[in-house]
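Everything on this sheet refers to the single structure shown next.
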Amino acid sequence: MTLLDGEHLIESYAQTGGTPKILAVSESALETTGAGALFESTPADEKWVLSDSLLRSLSPVDTPVGLVAVISIPDNLSVTSAGQSCLLLEGIQDPGNVGTMLRTAAAAGITDVLLSPGCAFAWSPKVMRAGQGAHFQLSIREDADLLVAAKAFQGKVIATLPRADRTLFEADLRGPVAWMFGSEGAGLSEGMASCATESVSIPMPGKTESLNVAAALAVCLFEQVRQKA
């Protein structure tokens, strides 16, 4: 189970046809147009009206809007199908980065995401907030064996490395790609990097040593979007 906080996440979940186990609203939020209407219109197994102070103590955010939902984590194990690109994320520990990467993947049209052991829990409230509803557009597999997935992938397996022989903009990204990204500090492990069929770097003419991993992923995925277009 996990906790959704706020109207946007709850609406995104409801649009998939999911039914919250519990939908809870604060007394003051029940009187507002947005939260009150969503509370009334959204089906749920149980509906609770709570005091403002109790709702604040349950919410995972500093300034809650007064509407939360408890849901079952979707059983959407990723199956990397032929002809489709995917993400292989190794040891991404920061919840904000994981959520942002999931949101970027959904925006770029990628649906399959595999996370190694050691990644932040994809369905934690912090990751969910950063994902802004992207979770419900994705097929996510946690604790995945990325080496097996990389070796079985029918397409290019691309590692982003700071000293690769070619740049991202020189690579042909029009076919299916398994994109590999490593942890913020250590990067990809040697085992994962050795599975890559290609490695690329992102040109950085400035003096900054590296990009945030979520920013690097966005550059790569939208270069692929550009090439496909």
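Inside the stretch 108-150, can you point out the residues that are of a type outside the set (S, T, N, Q), under 11 Å from the mean Cα position of the chain (by Cα) and at positive phi? Selection gives Gly133 alone.
Screening Thr111 on (1) in the same structural domain as Gly175 (by TED's automatic domain parsing); (2) over 20 Å from Ala134 (Cα atoms) shows it passes everything except condition (2).
The values are calculated or read from the model by the stated rules, or taken from the named source; none is laboratory data. Note that the structure is a prediction, hence the values are computed from the model and not measured.
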